[in-house]
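S.K.: Before I ask anything, let me first share the structure, which is written out below as structure tokens.
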């Protein structure tokens, strides 16, 4: 008969341990949620990983991957591709004060060649290239080196403003 109370005590102890673990996990999740979130790369080949951990805020440097809210910068509706507010992850390669030039479809930042802008999308639609300029305060050129990346090479994405940045990617995993 002494075994039944011990079994009941063990079950109660397991239940208490489970409750404490659940409580710790919930609190940890709520705390981390205010500072981090997950970015999912489900539809593009321009980035190698599927899941990104994004630290919220707009502190970043040249070379960092950032997540930002897309806003069409032209009069041409791009709803066939992306809705305004879609989240993109790209690398910051142009900073305020940098000179961005386009010549014969090739773009340069401060005289260094970074890549080529395509004339047409995969579906044959004409792509409007971005304009040559010196980046202003809080303006950034974002890019990924994939040939089909939809980034600052094109007027639709344009130069992003710091206010569009959701956060900086701190790690990524689950290679596609």
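S.K.: Along Cα→Cβ, 7 Å out, is where each label goes; now give me the distance between the ones at residue 22 and residue 147 in nm to one decimal.
M.R.: With each label placed 7 Å out from Cα toward Cβ, I get 5.3 nm.
S.K.: Quick one: order 135, 23 by neighbouring beta-carbon count within 10 Å, fewest to most.
M.R.: 23, 135
S.K.: Describe numerically, in nm with one decimal, the distance between label points set 7 Å from Cα along Cα→Cβ at residue 125 and at residue 84.
M.R.: So the two model labels end up 1.6 nm from each other.
S.K.: Another question, if that's okay. With labels modelled as points extended 7 Å from the Cα through the Cβ direction, what inter-label distance (nm, one decimal) is found for residue 132 paired with residue 14?
M.R.: With each label point 7 Å from Cα toward Cβ, the separation is 7.3 nm.
S.K.: Please work out how much length the chain gains when fully extended from residue 58 to residue 114, using 0.36 nm per residue of separation minus the C-alpha to C-alpha distance, in nm with one decimal.
M.R.: Extending this stretch completely gives an extra 17.8 nm.
S.K.: First check a/c for the stretch 126-176, with a ≥ b ≥ c the square roots of the eigenvalues of its C-alpha gyration tensor; if it is under 1.5, answer rounded, and if not, answer prolate when a/b is larger than b/c or oblate otherwise.
M.R.: Oblate, since a/c reaches 1.5 and b/c is not below a/b.
S.K.: Please report how far the C-alpha centroid of the stretch 55-73 lies from that of the stretch 131-165, rounded to the nearest whole angstrom.
M.R.: When both Cα centres are located, 10 Å separates them.
Each value in this text was obtained by applying a stated rule to the coordinates, not by laboratory testing. Bear in mind that the values here come from a model prediction, so they are computed numbers and not experimental data. In this analysis, Cβ positions are derived from the backbone assuming ideal geometry, glycine residues included, and neighbour counts consider all displayed protein chains.
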